[in-house]
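The values are calculated or read from the model by the stated rules, or taken from the named source; none is laboratory data. For clarity, every value in this text was computed on a predicted model and none was experimentally measured. Note that each Cβ is placed from the backbone with ideal geometry, even for glycine, and that neighbours are counted across all protein chains shown.
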Amino acid sequence: MADSAPVRLAVLVSGNGTNLQVVIDRIEAGEINARMVCVVSNRQDAFALKRAEQHGIPTIIHEIGAYANRQAYDTALVEILRNQDVQLVLLAGFMRILTDVMVNAFPHAIMNIHPALLPAFPGLHAQQQALEYGVRFTGCTVHFVDIGTDTGPIILQAVVPVEADDTEETLAARIQQEEHRVYPEAVRLFCAGKISMNGRRVRILS
Ligand code: GAR
């Protein structure tokens, strides 16, 4: 493991949290030089919160309810993350679009995993979009978050075939297997200081 201090990591979730789980597992295995300082959910029933609790990671429920608009919600979110000195934010099935307030607070320090080969099929129901379009291959993309929807600089991608009898569910499951490989790998690279930017191109340093 690297000699440098562990990167302070926060993960934002809304649902099952399988991507959260693989990152926790890789940190606990000593393969990612990070400390997960909190898991934030916009839903109190997210199973991801239970996963975090099982590993002794502090959880925060941050619901939209109390806030007048998305900017106000994100302003409070930035404060939560800054209070923890967070250096890297992961979106892991977080089903809210971030505003400029969050994006500008963490430039090139918010990652997202999207279940398609961007720039194809951004937004919701990416797997269904791929099926309806009739592509032979789709996959997943880890990217930095910018102000657009799924438009930020691409860090890693993985390709999966689309089978003739695929449903949205079977395709999503095949894509998730690759998500669970590439997302922790992108986090590992970031935490090892092996990611640099050249315009919107991401360079992986050896
Ligand atoms: C993942 O498949 C991820 O690609 C998708 O949500 C799922 C969360 O699963 N994200 C998006 O669709 C974002 N547009 P998880 O909660 O088991 O990690």
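Mind listing just one residue for me: the one in segment 1-35 that is in a strand (DSSP E or B) and farther than 13 Å from P184 by Cα and, of those, nearest to the ligand (Cβ to nearest atom)?
V13
Could you go through segment 40-57 and let me know if any residue there is outside any loop (DSSP other than H, G, I, E, B), β-branched (V, I, T) and farther than 15 Å from M95 by Cβ.
no
If I filter segment 140-150 for residues that are away from the ligand (no atom under 15 Å from the Cβ), more than 14 Å from the chain's Cα centre (by Cα) and within 30 Å of R8 (Cβ to Cβ), do I get at least one hit?
Among the residues of segment 140-150, at least one is away from the ligand (no atom under 15 Å from the Cβ), more than 14 Å from the chain's Cα centre (by Cα) and within 30 Å of R8 (Cβ to Cβ), which makes the answer yes.
Criterion first (at pLDDT below 95 and farther than 17 Å from A109 by Cα) does I64 satisfy it?
Yes; evaluated as a whole, the condition is true for this residue.
Here is a check on your reading of the model: is V40 aliphatic (A, V, I, L, M), farther than 14 Å from Q87 by Cβ, more than 13 Å from the ligand (Cβ to nearest atom) and within 15 Å of the chain's Cα centre (by Cα)?
Yes.
For residues that are farther than 24 Å from V78 by Cβ and among the small types (G, A, S), tally how many sit in segment 7-40.
2
So which residues in segment 160-176 are surrounded by 12 or more Cβ atoms within 10 Å (Cβ to Cβ) and not polar (S, T, N, Q), if there are any at all?
Answer for segment 160-176, where residues must be surrounded by 12 or more Cβ atoms within 10 Å (Cβ to Cβ) and not polar (S, T, N, Q): V160, P161, V162, D166, E168, L171, A172, A173, R174, I175.
Kindly indicate the residue of segment 94-131 that is in contact (Cβ under 8 Å) with a residue 60 or more places away in the chain, within 11 Å of the ligand (Cβ to nearest atom) and touching a strand residue (DSSP E or B) at 6+ places or on another chain (Cβ under 7 Å) and also farthest from E79 (Cα to Cα) among those meeting that condition.
P115
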